[in-house]
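To keep things clear, I will list the structure first and then write my remarks on it.
The values are calculated or read from the model by the stated rules, or taken from the named source; none is laboratory data. All figures in this text were calculated on a predicted structure; none of them were measured in a lab. Every residue, glycine as well, gets a Cβ built from its backbone with ideal geometry; the counts of neighbours run over all protein chains shown.
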Amino acid sequence: MKKIINPWEGREGYMCFGCAPHNPQGLQMDFYEDGDDVVGIWEPQKWYQGWINTLHGGIVATLMDEVGGWVVARKLQTTGVTSKMEVRYLKPISTEEPKLVIRARIKEQKRNLVYITSEIYNSNNEVCSQSEMLYFVASPEKARTEMNFCGCRTEDE
């Protein structure tokens, strides 16, 4: 796996709940490229629980949504927004898990609509949640000129 460099780090006002490394209330996620997948590895904390020692469903959805956004940035070299998301909660996720692996990939693209699938795996490699997402993506030119997107690279590039 290759670590993906965060193209927004250091930008003024950047405080994304999912991926800003200096947002103290955020998830502070890091991402990796593994073939067609973008992978997030994340350690749950007790303050993200819904029920006792159980990860809140909104955080579960956020983890998959965030990795989906990074699929758009890395694989399509543009930016986008979530248009639709369907989450299936298959197994509770403990906030005492040592780590979670969140994987996402492009399922299909039709012009500026991108269908992305994702899963969350616990430390026993069991699928705990799945999602189907639809992203609306900007053209690479619009992302560059209007959103100041400068590309998304891995450490070895």
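Within the range 18-42, restricting attention to residues that are assigned to a loop (DSSP other than H, G, I, E, B) and within 20 Å of Ser94 (Cα to Cα), which residue is farthest from the chain's Cα centre (by Cα)?
Within the range 18-42, the match that is farthest from the chain's Cα centre (by Cα) is Gln25.
Any residue that is modelled with pLDDT of 95 or more and under 15 Å from the mean Cα position of the chain (by Cα) - is there at least one of those in the range 43-54?
Checked the range 43-54: at least one residue is modelled with pLDDT of 95 or more and under 15 Å from the mean Cα position of the chain (by Cα).
Looking at the structure I just gave you, is Gly58 at pLDDT 95 or above and buried (at least 19 other Cβ atoms within 10 Å of the Cβ)?
Against the criterion (at pLDDT 95 or above and buried (at least 19 other Cβ atoms within 10 Å of the Cβ)), Gly58 does not qualify.
Give me a count of the residues in the range 43-55 that are outside any helix (DSSP H, G or I), surrounded by fewer than 21 Cβ atoms within 10 Å (Cβ to Cβ) and in contact with a helix residue (DSSP H, G or I) (Cβ under 7 Å, 6 or more places away or on another chain).
Within the range 43-55, residues that are outside any helix (DSSP H, G or I), surrounded by fewer than 21 Cβ atoms within 10 Å (Cβ to Cβ) and in contact with a helix residue (DSSP H, G or I) (Cβ under 7 Å, 6 or more places away or on another chain) number 1.
Here is a list of conditions, (1) assigned to a helix (DSSP H, G or I); (2) over 10 Å from the mean Cα position of the chain (by Cα); (3) under 25 Å from Lys142 (Cα atoms), and Thr82 meets all of them except one; can you say which number that is?
The number of the failed condition is (1).
Please work out which one of (1) out of contact with any Lys or Arg (no Cβ under 7 Å at 6 or more places or on another chain); (2) without any contact (Cβ under 8 Å) to a residue 60 or more places away in the chain is the condition Ser123 fails and give its number.
Every condition holds for Ser123 apart from (1).
Answer yes or no as to whether Val60 is within 12 Å of the chain's Cα centre (by Cα), within 16 Å of Gly151 (Cα to Cα) and either of a type in the set (A, V, I, L, M) or not in a strand (DSSP E or B) (or both).
No: the conditions fail for Val60.
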